[in-house]
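This report refers to the structure that appears directly beneath it.
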Amino acid sequence: MSDRYDYRAYLLERIADRSLRVGVIGLGYVGLPLAVEFARAGFTVTGIDVDPEKVAQLNRGESYLPDVPADSVRPLVEAGRLRAVTDVAAVAELDSVSICVPTPLRKSKDPNISYVVDAADGIAAHAHPGLVVVLESTTYPGTTEEIIVPRLLASGLTPGEDVFVAYSPERIDPANPTWNTRNTPKVIGGLSPVALEVVSALYSTAVDRIVPVSRPAAAEMVKLLENTYRAVNIGLVNEIAIICNHLGLDVWEIIEAAATKPFGFMKFTPGPGLGGHCIPIDPLYLSWKMRSLDYEARFIQLADSINSNMPRHVVGLVADALNQDGRPLRGSRILMLGVSYKPNVCDVRESPALEVLRLLHERGAVLAYNDPHVPELPDHTPVLKCTSLDDTSLAWADCVVITTHHSAYDWEHIASHARLVVDTRNALAGVNGKATAKVVRL
Ligand SMILES: NC(=O)c1ccc[n+]([C@@H]2O[C@H](COP(=O)([O-])OP(=O)(O)OC[C@H]3O[C@@H](n4cnc5c(N)ncnc54)[C@H](O)[C@@H]3O)[C@@H](O)[C@H]2O)c1
């Protein structure tokens, strides 16, 4: 293809007839559902992941994610529409690549953008005229233009002329029964009008509604507004829970009553802290970026400070509750229910329950946990295996701490067999009348 080749027409035609060779880099919670959705839309999709185990599983037609049933993967793999490789050199044979690699924090709470840099280096080494590059990983405003674009330029390509670059944030909510990759609107910010047009055409084959914005940095900011909004509102309601505790008021009663207002109030609920790969992390990408511009993002810092302190607050409630029973925390037997960061998932990344466990361990409690989705916590201090939840384990515990309200739990049974419960999720709300256990709520 020459420099004057009409890539726009070429790409739009290949999207329309589904002959575009689609790639997804990073086959995790975000990348795998996206790859499946593109394959379902009729494209031949190549997933690229550095993890050989995931690649092998996918090529066997297996799924390693609860939200992606093997039934949806196997027929696509068998039909040759979905395959996985470990070598980023596959980009040379692709027309589009969507980058879905992790964007965690360093120990210092600064962004760790190294996975995006590695992916961008890999793409640039094998990029060719006509390639479409979409960054999906959540990151600070400016990443697409500061990290992706210079590497493509250095490999002799010109965004807007012979490569087409966009940012499109992923909004997937694991275990959400209503909203999935296809029916959640997709925001797209193109680096050029053609990039926006082509990427919108590509994604509209797999996603019901496209929301175009002016540029990649705007799309990057949209995602951070969404997640900062959640982090700040959860921080607010967590602080209200602490305030209510001081005032001797029931925060859950107050939230339920406030939520009857039909306008101007959105219900958020308190808990043992923030968890998951997104809400505790993403706002800190924004505050880090703002620090580099000599601006302090105060709402983000304050919410982070309140939310990060919630596990300590929960441990205080446990110690007080045991104290009322005449027991010290040291040596008391604690059974924690739910260690994943939210109900009905197996993901323990950033889960506040782990921090509660760590703090209880530090203070000398004897620990056990149950979680129907998490069989063991091998990388955690202390290393623990899931205990069965039955009359024996409930009778063993001096205190049961509810940290994640999985729907598999029989709350009535728990409330009528435990001695003392610290309920951080108001999980026992419906059974309190029948509870024989003493219940302390957040
Ligand atoms: N999980 C969510 O619910 C969610 C929701 C919205 C946005 N996000 C964002 O999406 C991005 C991905 O998150 P995730 O939860 O899918 O992460 P994940 O850890 O589940 O998956 C990332 C995958 O990328 C692979 N990988 C890492 N470096 C690579 C490289 N250089 N080349 C190829 N593969 C590589 C890893 O092996 C892993 O399989 C993050 O920026 C995250 O913040 C996640």
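The values are calculated or read from the model by the stated rules, or taken from the named source; none is laboratory data. Treat the numbers as computed from the prediction; the structure is a model and nothing was measured. Note: ideal-geometry Cβ built from the backbone for every residue, glycine included; neighbour counts use all protein chains shown.
Within region 45-71, residues that are without any contact (Cβ under 8 Å) to a residue 60 or more places away in the chain and at positive phi reach no partner that is within 10 Å of the ligand (Cβ to nearest atom) and basic (Lys, Arg) with beta carbons closer than 8 Å at six or more positions or on different chains.
Checking each residue in region 298-346 for being at negative phi, touching a residue at least 60 places away in the same chain (Cβ under 8 Å) and in a loop (DSSP other than H, G, I, E, B) picks out Asp325, Arg327, Ser332, Val339, Ser340, Tyr341, Lys342, Pro343, Val345, Cys346.
Remark: pairs (first residue in region 239-263, without any contact (Cβ under 8 Å) to a residue 24 or more places away in the chain; second residue assigned to a loop (DSSP other than H, G, I, E, B); Cβ separation under 7 Å; 6+ apart in sequence or on different chains) = Cys244/Asp250; Ile255/Lys267; Ile255/Thr269; Ala258/Phe265; Ala259/Phe265; Ala259/Lys267. Exactly one residue out of Val198, Val187, Val149, Val165 is more than 19 Å from the chain's Cα centre (by Cα) and either among the aromatic types (Phe, Trp, Tyr) or assigned to a strand (DSSP E or B) (or both): that is Val165. Residue count for region 102-119 under the criterion of being over 16 Å from Pro283 (Cβ atoms) and more than 9 Å from the ligand (Cβ to nearest atom): the result is 1. You will find that of Ala241, Ala206, the residue that is out of contact with any Lys or Arg (no Cβ under 6 Å at 6 or more places or on another chain), small (Gly, Ala, Ser) and assigned to a helix (DSSP H, G or I) is Ala241 and no other.
Sub-9 Å Cβ pairs linking a first residue in region 139-160 that is more than 15 Å from Leu293 (Cβ to Cβ) to a second residue that is loosely packed, with under 14 Cβ neighbours inside 10 Å and hydroxyl-bearing (Ser, Thr, Tyr), at least 6 apart or interchain, are Leu152/Thr158, ordered by first then second residue.
Would you pick out the residues in region 407-423 that are small (Gly, Ala, Ser) and over 17 Å from Tyr369 (Cβ atoms)?
Across region 407-423, the qualifying residues are Ser407, Ala415, Ser416.
When Val117, Val133 are screened for being crowded, with 22+ Cβ neighbours inside 10 Å and under 25 Å from the mean Cα position of the chain (by Cα), only Val133 passes.
Pairs, please: C-beta under 6 Å, at least 6 apart or cross-chain, first residue modelled with pLDDT of 95 or more and in region 187-214, second assigned to a loop (DSSP other than H, G, I, E, B) and buried (at least 23 other Cβ atoms within 10 Å of the Cβ)? Close Cβ pairs (under 6 Å, with a partner that is assigned to a loop (DSSP other than H, G, I, E, B) and buried (at least 23 other Cβ atoms within 10 Å of the Cβ)) amount to Val187/Pro169; Ile188/Ser168.
When Val237, Val251, Val213 are checked against the criterion of being over 23 Å from Lys342 (Cα atoms) and away from the ligand (no atom under 15 Å from the Cβ), Val213 stands alone in meeting it. Anything in region 204-220 that is closer than 13 Å to Arg171 by Cα and crowded, with 17+ Cβ neighbours inside 10 Å? List them, or say none. Passing the criteria: Val207, Ile210, Ala219, Glu220. Identify, please: which residue in region 175-205 is in contact with a Phe, Trp or Tyr (Cβ under 6 Å, 6 or more places away or on another chain) and within 16 Å of the ligand (Cβ to nearest atom) and is, among those, farthest from Asp95 (Cα to Cα)? Here the residue is Lys186. Total residues in region 121-146 satisfying the condition of being within 10 Å of the ligand (Cβ to nearest atom), of a type outside the set (Asp, Glu) and not in a helix (DSSP H, G or I): the figure is 4.
Which one is farthest from the ligand (Cβ to nearest atom) among residues in region 50-101 that are under 17 Å from Ala120 (Cβ atoms) and surrounded by fewer than 18 Cβ atoms within 10 Å (Cβ to Cβ)? Step through it out loud before you land on a result.
Within region 50-101, the first condition is being under 17 Å from Ala120 (Cβ atoms), and the residues that meet it are 50, 87-92, 94, 96-101.
Filter once more, keeping what is surrounded by fewer than 18 Cβ atoms within 10 Å (Cβ to Cβ): 50, 87, 89, 92.
Details: Val50: 4, Asp87: 10, Ala89: 12, Ala92: 15 Å.
Filtering first and then ranking leaves Ala92.
In region 288-304, is there at least one residue being buried (at least 19 other Cβ atoms within 10 Å of the Cβ), of a type in the set (Asp, Glu) and closer than 27 Å to Val440 by Cβ? Yes: region 288-304 contains one or more residues that are buried (at least 19 other Cβ atoms within 10 Å of the Cβ), of a type in the set (Asp, Glu) and closer than 27 Å to Val440 by Cβ.
Among the residues of region 31-49, the one identified as within 11 Å of the ligand (Cβ to nearest atom) and charged (D, E, K, R) is Asp49.
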